[in-house]
Amino acid sequence: MKIKLELFGASKDFSQKNFIEFNLKEKSSIKELRQEILKFIDNDFKGNKTYKKLVYSSTFCSEDNNIVHDDFKINKEQKIGIIPPIGGG
């Protein structure tokens with residue numbers, strides 16, 4: 001199934017678009033999506049440690065704007081947002 005990962009904040013550096021598409025098996029978890037994103041960074045950004053750290057520390061939200069945890073099952077093709085931590089002063 002196709003997942004459209006919407007990019008927010010610093011994760012927008014992952015693509016010139018504001019999203020990346022991933023193909024996942026049905027009933028994949030956010031944890032599995034996170035692993036796919038890390039593979040993408042390994043392939044497209046030579047394992048950029050800053051980007052990988054960003055993925056590990058990010059939160060994800062479902063298409064109905066609810067925060068979802070790593071065990072959340074993705075049951076259909078949909079948009080999932082990645083929300084990196086935001087620092088401020």
Got a number for carbon plus sulfur as a percent of the stretch 1-82's accessible area, 1.4 Å probe?
44 percent
With equal scatterers on the alpha carbons only and no solvent term, can you work out the Debye log10 of I(q)/I(0) for the chain at 0.16, 0.19, 0.21 1/Å?
-0.57, -0.82, -1.01
Please report the antiparallel percentage of the DSSP beta bridges confined to the chain, to the nearest 5.
70 percent
Taking a crude spin-label model, label points 7 Å out from Cα along the C-beta direction, the Gln16 to Asp70 distance in nm is 3.4 nm
Rolling a 1.4 angstrom probe over the protein heavy atoms, how many square angstrom per residue are accessible across the chain?
65 Å²
What does the extension gain come out to for Thr50 and Lys31, with contour length at 0.36 nm per residue minus their alpha carbon separation?
4.9 nm
On Cα atoms only, tilt of 30-44 relative to the major axis of the chain in degrees:
50 degrees
Taking every other residue with Cβ under 13 Å from the Cβ of Ile80 and scoring Lys and Arg +1, Asp and Glu -1, one gets -1
In the structure displayed, which of Lys17/Lys49; Lys17/Lys46; Lys46/Lys76; Lys12/Lys49; Lys25/Lys49; Lys2/Lys49 lie more than 23 Å apart, Cα to Cα?
Lys46/Lys76; Lys25/Lys49; Lys2/Lys49
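The values are calculated or read from the model by the stated rules, or taken from the named source; none is laboratory data. Given the structure is predicted, the values throughout are model-derived calculations rather than measurements. Using ideal geometry, Cβ is built from the backbone for each residue, glycine included, and neighbour counts are taken over all protein chains shown. These area figures cover heavy atoms from the full protein model, side chains too; ligands, DNA and RNA do not enter into them. Shrake-Rupley method; radii C 1.70, N 1.55, O 1.52, S 1.80 Å.
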